[in-house]
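Here's the structure we're looking at; comments come further down.
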Amino acid sequence: FVQKFNANGTTYGSKVMLEAINVTNGNEQNSQIKTLSDGSYIVTFEGIDIDSDQSIFVQKFNANGTTFGSMIQLEPDGVTSGWDYNPQITTLDNGSYIVTWHAFNPDWQSSAIFVQKFNNDGTTTNNPQITLNPVSGGYDLNPQITTLSDGSYVVTWHGNDVNGDQSVFVQKFNNDGTTTGNNLVTLEGITSGNDFYPQINALNNGGY
């Protein structure tokens, strides 16, 4: 459910109920929300889809609390029966926004991080969905995302490295949605330990 409030703490308008597309008896959870510069905002969440697996859903709202356009369902390209988790969202100054999440293959033997950029009208960009999967066949989980001062953005997550343990990965994106460079983060001198649950934040000087 989504409820807008006035600055004095009183409610503004009616609450809005969000459910997975064409599914009224499933479970929705793990919602995230971000505001755009024009006062509109976006909610993303995970829910049971029409195929009875779990997908990511994205709904844009107008500044007055009403929904804008149709809800978007996100799944990895070509994989409609896998399970998708942990959506995270960030916004850009031009009104576009980016959603990242992790998804399992149908056999549950591997997972990857996915990144989808949206236009300010709520449609997905012409750029294809980006897949982050440094080690094929490994598990990549729990992404986090932030926008930098120049409009670029960064995704971090933990996943299997070439040694078979878990490390933290960082991928920077240009503001047009293309990737730039990549980094593997491990504790200095320790390459065989497990690293989990990274967090990320932007700095005013363009760093992170």
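The values are calculated or read from the model by the stated rules, or taken from the named source; none is laboratory data. Just so we're clear, the structure is a prediction, and the values are computed from it rather than from any experiment. Here Cβ is always computed from backbone atoms with ideal geometry, including for glycine, and neighbour counts include all displayed protein chains. For accessibility, only protein heavy atoms count, side chains too; no ligands or nucleic acids. Shrake-Rupley method; radii C 1.70, N 1.55, O 1.52, S 1.80 Å.
Residue under question is residue 93, and the condition is that it be of a type outside the set (S, T, N, Q), closer than 26 Å to residue 62 by Cα and open to solvent by 60 Å² or more (accessible area, probe 1.4 Å); does it hold?
Details: of a type outside the set (S, T, N, Q): yes; closer than 26 Å to residue 62 by Cα: yes; open to solvent by 60 Å² or more (accessible area, probe 1.4 Å): yes.
So residue 93 passes the test.
Here are some conditions: (1) charged (D, E, K, R); (2) out of contact with any Leu (no Cβ under 8 Å at 6 or more places or on another chain); (3) surrounded by 13 or more Cβ atoms within 10 Å (Cβ to Cβ). Residue 84 meets all but one. Which one does it not meet?
For residue 84, the exception is condition (2).
If I ask for residues that are of a type outside the set (A, V, I, L, M, F, W, C) and open to solvent by less than 50 Å² (accessible area, probe 1.4 Å), which ones from the range 154-186 would you list?
Within the range 154-186, 156, 158, 159, 160, 161, 165, 166, 167, 171, 177 qualify.
Among 79, 16, which is among the β-branched types (Val, Ile, Thr), farther than 18 Å from residue 108 by Cα, surrounded by 14 or more Cβ atoms within 10 Å (Cβ to Cβ) and in contact (Cβ under 8 Å) with a residue 12 or more places away in the chain?
Exactly one residue qualifies, and that residue is 16.
Looking only at the range 110-150, which residues are surrounded by 14 or more Cβ atoms within 10 Å (Cβ to Cβ) and in a loop (DSSP other than H, G, I, E, B)?
Within the range 110-150, 110, 120, 122, 125, 129, 133, 134, 135, 138, 139, 148 qualify.
Looking only at the range 43-76, filter to residues that are touching a strand residue (DSSP E or B) at 6+ places or on another chain (Cβ under 6 Å) and charged (D, E, K, R); which one of those is farthest from residue 99 (Cα to Cα)?
The selected residue is 49.
Consider only pairs whose beta carbons are under 8 Å apart and that are at least six residues apart or on different chains; among these, list those whose first residue lies in the range 63-75 and is aromatic (Phe, Trp, Tyr) and whose second residue is open to solvent by less than 60 Å² (accessible area, probe 1.4 Å) and modelled with pLDDT under 95.
Within 8 Å, the pairs are 68/122.
Among residues belonging to the range 27-51 that are open to solvent by 30 Å² or more (accessible area, probe 1.4 Å) and β-branched (Val, Ile, Thr), point out the one that is farthest from the chain's Cα centre (by Cα).
Per the criteria, the residue is 50.
Would you mention how many residues in the range 151-168 are of a type in the set (Gly, Ala, Ser), over 13 Å from residue 132 (Cα atoms) and not in a loop (DSSP other than H, G, I, E, B)?
Total satisfying the criteria: 1.
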